[in-house]
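Here's the structure, in structure tokens; my notes come after.
The values are calculated or read from the model by the stated rules, or taken from the named source; none is laboratory data. Keep in mind that what you see is a predicted model, and the values were worked out from it rather than measured. Ideal geometry is used to build each Cβ from the backbone, glycine not excepted, and the neighbour counts take in all protein chains shown. Ligands, DNA and RNA are excluded from the accessible area calculation, which covers all protein heavy atoms including side chains. Shrake-Rupley method; radii C 1.70, N 1.55, O 1.52, S 1.80 Å.
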Amino acid sequence: MEEVLVDKELTILKKTVRSFVRDKVERAELLQKEHITELSKDVADTLKETAQKTGLQAMGAKKEWGGAGLSLSCRTVLYEEAAQHRLGLFHPAGDAFGEELPRFLENCTKEQINTYVKPAIQQGKGCFVALWEEHEDNDIGKLTCQAVKDGNSWIINGHKAYIDKFQEAGFGVILVNCLGESGEKQPTLFILEHNDSFENKETVLIDVQKVNSLSFNGMKISDDRRIGNIGDGAELMKEWITEAQVLLASRCLGVAVKALDYAKSYAKIRITRGQPLSDFPSIRTMIASGYVNLQAARLMVQDAAKKIDERAKDAATAAGMAKVFTTDTASKIIDDCLQIHGGAGFAGDLPIERWYKELRIARMNLQKKENIIEHIANLNL
Amino acid sequence: MLNFSESAEQKRMIELATEIMEEHVFPNEKYMVPHRGLPSEILKPLQQIVKEKGLWAGHLPKEVGGMGQGFVSLGLLSEVIGQSPIGPYVFGSMAPDAGNGEILWHAATEEQKEKYLIPLANGDVRSCFGMTEPEVSGSDPTTLQGTAVKDGDEWVINAHKWFTTGAVGSAFCIAMVVTDPDANPHNRTSLFIVDTNNPGFEVVREVPVLGDHYVGGHCEVRFNNCRVPAEAMLGNRGEGFKLAQLRLGPGRITHAMRWLGVARRSMNEMMKYALNQKDGDKTLADSQTVQNFIADSEAEIQASRLLTLQAAWKMDQGDQARKEVSLIKLYGAQVLNNVVDRAIQVLGTYGLTPNTPLEGLYREARAARIYDGADEVHRMVVARQLLKEFKAKEGLNEQAAVTK
Ligand SMILES: Cc1cc2nc3c(=O)[nH]c(=O)nc-3n(C[C@H](O)[C@H](O)[C@H](O)COP(=O)(O)OP(=O)(O)OC[C@H]3O[C@@H](n4cnc5c(N)ncnc54)[C@H](O)[C@@H]3O)c2cc1C
């Protein structure tokens, strides 16, 4: 059972995360003198150790796996805090709390849990997800990577792309279409190990995010790597997407909060034409509208998280809505924040330009707006 | 009389430029180095081709090796060459050198022209422009703090600048500093030409930035008791502000038309992808959502294009076209960002990979809403101008809503 915290406990935990981020993570970022694009391994490891001591680890993973077993509602609150630093959108709290694990791992066998999941949690590592393909990053139904049965194994052919945190993960999960007897596609999940015989290429998205693509040329994989039933893969992935959208949105809230902080402080000290920027209605409107939309986004994120926790019927829709609205809102806030800083916003001394790039990725991640909108149209028309 | 067609000469220019772009510019983009552009062994021969075909330095008069064809032609050419980040370098017409060339042409003495303008116009050297300071608002140049103090026959410059684009590898910097602190705000500054090998000139660092298409970085620069002779002053004492403005008018035309080139390129990427990407029996281009992106982008590009060409035309008639220039700066920069963003949206995550030019264009595009006047400043200029015109007309009891 997931831990449902009462308000008071959550408030304390939130404060703990906040001070960890401010005192440890932000400081570590500031201490690195050069333009920082990632934390050095030493620093990251130290942060991880410190976090472990405070019990801030594997927040979503089940207790019996060694995680904290917090509900999604709690985690969204904590990730909003954890994301409030330069690298925070995709590396909340400098990755010190370990990675969120997809819920579909609950379908793993005991042996799979012991071999892959528990060790990953112990090491603060996650699970990479090989889902999308180079030209298909939105519609699970259109994926082409395939597996055919070969005795007790499967032979995989195809290509996966845009895999985030590939190296850092303890293991991976891939979605492939197992071909049934009459050639029908049965989407299925399999566990991947780093030394499986796929080809692996790294690329950088919009000059900020390392991702990997994997090629499978007749790679053989044993059936005991399969997660769940043959044919269940798409549904399991959709559950993951639902939850991941809300987690992404909660981190977007965090960087948006931080961006508004930057915007406010700068607007108050930057003088132009004899007045601080904060006196100009153009700038006041940007900041005030930012707060309005941020609050709406936050409520949508909480609503979606609650629905997912309750396994409500419309959880996926709520998650999609929260994702679109929050990524759009955070994009606009960061765009305005960049504008308010003028040249300084375009420069990497401040984290704003990084967020600008990362938000462009976030808008595309998991499900892009057009697909979510189409889904909502389908529901209502 | 209204006439929207290019002259025979302009048509020829556009065709020729397009040919050079296709044969020599696009294929060489792959050699582009972030913040450094093309290696000179690749760049120089390409520039030679442009010179031989007579399309070199569209912004400069014929006397110094430019085309001298006026603003409309310059705009039309900028649109074509702007499609590639390296185009304007190959065609010898890129900020900040272009603007510096224009100031030098207008304000330099014969000796200065000989020493600085000729090699610059020829593409033998690069230059930079040092106005913006980190400590004060670049939107309000009356607040500049860097100074030059007269000491005998020399001036001693002390200043801290940043966003001095292209400083790495530049031969000289045109610096804007306060010479007359007690004068009225618009007459306090003067311009100086400072050789970058002057021991008082220091490139502190290349500031890390979002975009990486400009050559020579966006640098933080210091003038440390930097001594220059009296002859280093460019234009008259106290004219810094006026000359810097002079640099911006034409610059905004070339920027705006160059942005349209970028927008057009992004449109093409979007349409190519949409037509090739199969979705069952259909393609992505059959999606009405994608079609909306295409139509909206076209509407914005056309609007911005006509606005810009009209401003250029007015400038060719000797009008400063201040309001129009502000409008195209404001609107054109937004259109650019909108179109690149839509193109990426159509390509999906693929549009964020280095496999297409879009992600680089997206990062670079964001600066357009800041340099040469932030959106908010141009909005203010346009609104004030319109209100002034409206008031004047109301006095005459004319129909106030129609402005020309
Ligand atoms: C890519 C790039 C290249 C550049 N190259 C050069 C160069 O070669 N040489 C050089 O000297 N400079 C250069 N600049 C600097 C550029 O000219 C300045 O960034 C610009 O003038 C804005 O000044 P600032 O950055 O100090 O912002 P500020 O003046 O501090 O303004 C910050 C923000 O405040 C807001 N604001 C300002 N005024 C108003 C107002 N009146 N009403 C409402 N809001 C307002 C705007 O949102 C603005 O973006 C470059 C900048 C960039 C981004």
Any idea how far the Cα center of the stretch A:180-199 sits from the one of the stretch A:257-329, in Å? 40
Give me the distance in nm between label points sitting 7 Å out from Cα along the Cα-to-Cβ direction at A:Asp314 and A:Lys201, one decimal. 4.4
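Taking the Cα centre of chain B as origin and charging only Cβ (+1 Lys, Arg; -1 Asp, Glu), how large is the dipole, in debye to the nearest 20? Provide the component values of the computation, followed by the final result.
Working: 42 positive and 51 negative charges, 108 e Å.
Dipole magnitude for chain B comes out near 520 debye.
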The long-range amide H neighbours of A:Ser153, using H built 1.01 Å from N in the peptide plane and a cut-off of under 5 Å, are A:Asp223
Within the stretch B:8-122, how many Lys pairs that are eight or more residues apart, or on different chains, come under 27 Å at the alpha-carbon? 19
In terms of the alpha carbon gyration tensor, root eigenvalues a ≥ b ≥ c, rounded if a/c is under 1.5 and otherwise prolate when a/b exceeds b/c or oblate, the protein assembly as shown is prolate
For B:Asp124, what accessible surface area do you get with a 1.4 Å probe? Give it in Å², rounded to 10. 100
Sites A:Ile269 and A:Lys15 - FRET efficiency at Förster radius 30 Å, r taken between beta-carbons, to 0.05: 0.60
Within chain B, helix-based [θ] at 222 nm, where runs of 4 or more DSSP H residues each add -39,500 (n - 2.57), nearest 500: -14500 deg cm²/dmol
Estimated vicinal HN-Hα couplings, Hz - the stretch B:164-176 in sequence order (Karplus 6.51, -1.76, 1.60; Gly, Pro = x): 7, 5, x, 4, 5, x, 7, 8, 8, 10, 8, 10, 10
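Which translational diffusion coefficient, to the nearest whole µm²/s, is obtained for chain B from the Stokes-Einstein equation, given a Kirkwood hydrodynamic radius over C-alpha pairs, 20 °C and 1.002 mPa s? Walk me through the numbers before you get to the answer.
Numbers: Rh = 22.2 Å.
This corresponds to a translational diffusion coefficient of 96 µm²/s.
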Would you mind giving the total buried accessible surface between chains B and A, with a 1.4 Å probe and ligands, DNA and RNA left out, rounded to the nearest 100 Å²? 3600
State log₁₀ I(q)/I(0) for the stretch A:235-380 at q = 0.17 Å⁻¹ as given by the Debye formula over alpha-carbon point scatterers of equal weight, solvent excluded. -0.88
Taking Cα atoms, the helix A:7-19 axis meets the longest principal axis of chain A at an angle in degrees (rounded to 10) of 80
Which FRET efficiency value, to the nearest 0.05, is calculated for A:Asp7 and B:His106 with the Förster distance at 60 angstrom and r the Cβ-Cβ distance? 0.30
In degrees rounded to 10, the 0-90 angle between helix A:369-380 Cα long axis and the longest Cα principal axis of chain A is 70
Would you grab the residues whose amide H sits under 5 Å from the one on A:Phe280? Only those 5+ places off in sequence or on another chain, please, with H modelled 1.01 Å from N. none
Probe 1.4 Å - accessible area at B:Lys314, Å² to nearest ten: 30
So what's the stretch A:208-273 giving for Rg/Rh, alpha carbon basis, Kirkwood Rh from the mean inverse pair distance? 1.30
Please list the non-local residues whose amide H lies under 5 Å from the amide H of B:Val177, H modeled 1.01 Å from N, same-chain partners needing a gap of 5 or more. B:Ser190, B:Phe192
Considering only Cα-Cα distances, which of the following residue pairs are longer than 19 Å: A:Lys14/A:Lys53; A:Lys62/A:Lys258; A:Lys323/A:Lys369; A:Lys160/A:Lys210? A:Lys62/A:Lys258
Only helices at least 24 Å long along their axis, Cα-based, and averaging 0.0 or more on Kyte-Doolittle count here, so list those DSSP H runs from chain B. B:322-347
Report Rg (one decimal) and Dmax (nearest whole number) for chain A, counting Cα atoms only, units Å. 21.3, 79
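Express as a percent, rounded to the nearest 5, the fraction of DSSP beta bridges in chain B (both residues included) that run antiparallel. Intermediate results must be reported in sequence, preceding the final value.
Details: 31 of 36 bridges.
Among the beta bridges of chain B, antiparallel pairing accounts for roughly 85 percent.
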Anchor B:Lys323: lysines whose Cα lies under 18 Å away (excluding residues fewer than 8 positions away in-chain): B:Lys242, B:Lys314, B:Lys388, B:Lys391, B:Lys393, B:Lys404
Taking θ as phi - 60°, what are the ³J(HN,Hα) couplings along the stretch A:194-209 by the Karplus curve (6.51, -1.76, 1.60), each to the nearest whole Hz, with x for Gly and Pro? 4, 9, 5, 8, 9, 8, 9, 10, 9, 9, 10, 8, 6, 6, 9, 10
Assigned charges on the beta-carbon of Lys, Arg, Asp, Glu; the stretch B:8-122 dipole about Cα centre (debye): 100
Placing +1 on each Lys and Arg Cβ and -1 on each Asp and Glu Cβ in the protein assembly as shown, then taking the dipole about the Cα centre, the residue among B:Gly99, A:Ser19, A:Ala316 whose Cα reaches farthest towards the positive end is A:Ser19
Under the Karplus relation with 6.51, -1.76 and 1.60 and θ = phi - 60°, whole-Hz ³J(HN,Hα) for the stretch B:149-154, x at Gly and Pro, equal 10, 6, 9, x, 8, 10
From Cα pairs below 8 angstrom and at least 6 apart in sequence, can you work out the relative contact order of chain A, rounded to a whole percent? 15
The stretch B:8-122: equivalent-ellipsoid semi-axes (sqrt of 5 x gyration tensor eigenvalues, Cα, Å): 23, 18, 11
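How would you classify the stretch A:77-236 from its alpha-carbon gyration tensor, with a ≥ b ≥ c the square roots of the eigenvalues: rounded for a/c under 1.5, else prolate if a/b is greater than b/c, otherwise oblate?
Working: a/c = 1.95, a/b = 1.50, b/c = 1.30.
Cα axes put the stretch A:77-236 in the prolate bin.
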Two-site FRET efficiency, A:Lys220 against A:Asp349, from Cβ-Cβ distance with R₀ of 56 Å, rounded to 0.05: 0.65
Which percent of the Cα-Cα distances in the stretch B:242-392 go past 29 Å? 26
